[in-house]
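A quick write-up on the structure given underneath.
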Amino acid sequence: MTDQQVNIISIGDVAPNRRRGGDIRAVLTPTSAGATSGFMGVAIVQPGERIAEHYHPYSEEFVYVTEGALEVDLNGAPHALTVGQGMLIPQDMCHRFRNVGDVEARLVFHLGPLAPRPELGHVDTEDAAGNAIPHERPAAAAEAVS
């Protein structure tokens, strides 16, 4: 037995984040569940919606489709992803998700390890409408790439 607190969190307990497109809900996080190695959530993407291109300078992202189908652009190259399929998105790889089908798509995601500070964990390269956003890679991530 452990003394560690057990936290059960429902997707309905988490406010939707629509800033990047779609409905993104970070369910199990350092704040909500005391996570120390990463975080997990669900993205709900309606037909025709997208989640803007971004990358994670400190984390890999694991994704798994539970409903519908998505196209995932990895460094600009499209890849189909349907129910029952998962994908590993390497650290520093630009990616976006697009629902090109006619039904809602749901995607479970997990990122790890955590960035040293939350604001360093996610870098947007475009807004929800697809307009480019100027950005600079954090120094530690840029050093790791070179």
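The values are calculated or read from the model by the stated rules, or taken from the named source; none is laboratory data. Worth saying up front: this structure is predicted, and the values here are computed from it rather than measured. Reconstructed Cβ throughout: ideal geometry from the backbone, glycine too, with neighbour counts over all protein chains shown. Each accessible area value is taken on the protein alone, full model and side chains, heavy atoms only, with ligands, DNA and RNA left out. Shrake-Rupley method; radii C 1.70, N 1.55, O 1.52, S 1.80 Å.
Share of pairwise Cα-Cα distances greater than 16 Å in region 51-99 is 33 percent (whole percent). Hey, if you put +1 on the Cβ of every Lys and Arg and -1 on every Asp and Glu Cβ in the chain, which of H110, I133, Y58 ends up farthest toward the positive end of that dipole? Sorting the options by dipole projection puts first H110.
Seen from T82, the other residues with C-beta closer than 14 Å to its C-beta sum to a net charge of -2, counting Lys and Arg as +1 and Asp and Glu as -1.
With one equal scatterer per alpha carbon and no solvent term, the Debye-computed log10 I(q)/I(0) for region 79-131 at 0.16, 0.22 1/Å reads -0.66, -1.14. Averaged per residue, the chain has 55 square angstrom of accessible surface, using a 1.4 angstrom probe with ligands and nucleic acids left out. First compute the accessible area of region 1-112 with a 1.4 Å probe, then give the percent of it belonging to carbon and sulfur atoms. Result for region 1-112: 54 percent of the exposed heavy-atom area is carbon or sulfur. Phi angles of region 45-57 translate, via the Karplus equation with coefficients 6.51, -1.76, 1.60 and θ = phi - 60°, into HN-Hα couplings of 10, 6, x, x, 7, 9, 10, 4, 4, 7, 8, 10, x Hz per residue; Gly and Pro are given as x.
Packing, taken as the mean count of other beta carbons within 10 Å per residue, orders the peptides 86-99, 42-55 from highest to lowest as 42-55, 86-99.
Can you give the local net charge around A15? Use residues other than it whose beta-carbon is closer than 13 angstrom to its beta-carbon, Lys and Arg +1, Asp and Glu -1. It works out to a net charge of +1.
Projecting the Cα atoms of I8, T36, Q91 onto the dipole axis of the chain, where Lys and Arg carry +1 and Asp and Glu carry -1 at the beta carbon, places I8 farthest toward the positive end. Within the shell of other residues whose beta carbon sits under 12 angstrom from the beta carbon of L70, the net charge comes to -1, with Lys and Arg scored +1 and Asp and Glu -1. Per the Debye calculation on region 22-77 with a single equal scatterer at every Cα and no solvent contribution, log₁₀ I(q)/I(0) for q = 0.15, 0.29, 0.30 Å⁻¹ amounts to -0.53, -1.39, -1.41. Computed about its Cα centre, the charge dipole of the chain is approximately 140 debye, with only Lys, Arg, Asp and Glu carrying charge at their Cβ.
Across the chain, the mean sequence separation of Cα contacts (distance under 8 Å, 6 or more residues apart), normalised by length, yields a relative contact order of 26 percent.
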